[in-house]
């Protein structure tokens, strides 16, 4: 699958990188959906000997390929929310020299990145690579509710029901972009939704 | 002078009014007939008697009403006041700074009595007389930052300094020009300013950061910033934008004079002694167009500034749709006469309107 090139944006918007295999005592790879392909691209038998993979398929079909890499530990989670306790436990037991690899959707990378910084993992030991959906995790600035997998702009807040436009302003603490009421100055005038990058 | 505190509101019936005294001392933000972003910093070392620059933390006729409005905002949305765990010491620094400044600058209104770490704080206008132990949070009804900023006009952003960077790690933000503390908390200086157009390209934030990182104890700095607000609404927060945004469309040629307000922020910057944090008070002053037009110089200048403002800025500041109506109104007060340099109204020397 071709990698999506995000257009240039404002300075709060995260810039994702490209994974490379690094030397380290142990490796933690957290991926969702097409992020599996980024892991497959860098995997070697030596790397996998000390690697723990946490994978959330989100409907994608890559779990068997990852399992076939024979990592030291492999966990397939049904959702990020179901996996986050495990991620925290793994990070709390991490030793110096751990290398972290985050790949897949922005939502997955943003939330897992928040866990790594809360756990005190130096940011220089965390790599990212975006793969797959360009949908965003959005915080409604009005009700504070999070709406996942937002592909269209504007969209309806899944909590308060307001019509929100999608900003590029991003909070790493919320691991979310900001959604702001689109018809505050002209009630009911909702532009036709289109893809965020269209 | 003794300040007469107004009984007024910044919401619903909007009974907020500026007295003649308040109009005369309004911090008109344009020192010339045009405006563009700049790092317009200067030392905050007093100013002309009676001006908003004179005292370190200006107290004016709106004090009690503003504190009442803040309490209302916090009741509805406690997330407007947040402090990350490592910022408590900076909160004590801020409490000390405000108590010292206010008790020294307004001894008839505020008193601070210190006996070791046992402090007694008297705020006469608000009817507060509290004794507490400095640096012991359990002796105050709120955390130190929240306690003192419930008694001080203006928003307060408390910025941690580390890795040659400033971080928005605490704040009391209830009168903001459309930015969310809850969203921006924890961001660095470039991140929280990311949505501002044009200024990044002009290198404004790189230079401003350099300046701010070097602010020393006892040498505060200040600058003015501005935007436009329809109705004297202090809480122009993004959180409530879906409620107040519609008010921008309620402007008409008949009501623009009293409904349209120039919103000026007196931003000051103080280094805090124990935490090495930087506190960034953002004090908001509102003045409607018709009151501003009583100063002929301001009438001439405001028209020219708004007329020549780049559309990107009018859009960012949220008044692009109302700009033509503003210009229709303001042009009545511009007779083409030259204006004197500087922000002061120069009432005695500027000629009356020749129209």
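Among what's in region B:142-152 and is in contact with a helix residue (DSSP H, G or I) (Cβ under 6 Å, 6 or more places away or on another chain) and either free of Cβ contacts under 8 Å to residues at least 60 places away in the same chain or crowded, with 24+ Cβ neighbours inside 10 Å (or both), pick the residue that is farthest from residue B:275 (Cα to Cα).
This residue is B:152.
Tell me, which strands (runs of 3 or more DSSP E) lie completely within region A:75-194 with 1 or more residues that are more than 14 Å from chain B (Cβ to nearest Cβ) and under 21 Å from residue A:12 (Cα atoms)? Explain how you work it out, then say what you get.
Values: elements: A:98-104, A:126-130, A:136-140, A:146-150, A:163-171, A:176-181.
In region A:75-194, A:98-104, A:126-130, A:136-140, A:146-150 are the strands (runs of 3 or more DSSP E) which contain 1 or more residues that are more than 14 Å from chain B (Cβ to nearest Cβ) and under 21 Å from residue A:12 (Cα atoms).
Would region B:306-317 turn up any residue that is within 23 Å of the chain's Cα centre (by Cα) and part of a strand (DSSP E or B)?
Scanning region B:306-317 turns up no residue that is within 23 Å of the chain's Cα centre (by Cα) and part of a strand (DSSP E or B).
Take residue A:47 and tell me if it is under 16 Å from residue A:98 (Cβ atoms), assigned to a helix (DSSP H, G or I) and at pLDDT 95 or above.
yes
Restricting the search to region B:235-268, which residues are under 21 Å from residue B:80 (Cβ atoms) and within 14 Å of another protein chain (Cβ to nearest Cβ)?
B:235, B:236, B:237, B:238, B:239, B:240, B:241, B:242, B:243, B:244, B:245, B:247
Going through region B:74-86 one residue at a time, which ones are surrounded by fewer than 22 Cβ atoms within 10 Å (Cβ to Cβ), part of a helix (DSSP H, G or I) and touching a residue at least 24 places away in the same chain (Cβ under 8 Å)?
Within region B:74-86, B:74, B:79, B:86 meet the criteria.
Scan the helices (runs of 4 or more DSSP H) fully inside region B:169-217 and keep the ones with 3 or more residues being surrounded by fewer than 18 Cβ atoms within 10 Å (Cβ to Cβ).
So the answer is B:204-213.
The values are calculated or read from the model by the stated rules, or taken from the named source; none is laboratory data. Source: prediction; values computed, not measured. Here Cβ is always computed from backbone atoms with ideal geometry, including for glycine, and neighbour counts include all displayed protein chains.
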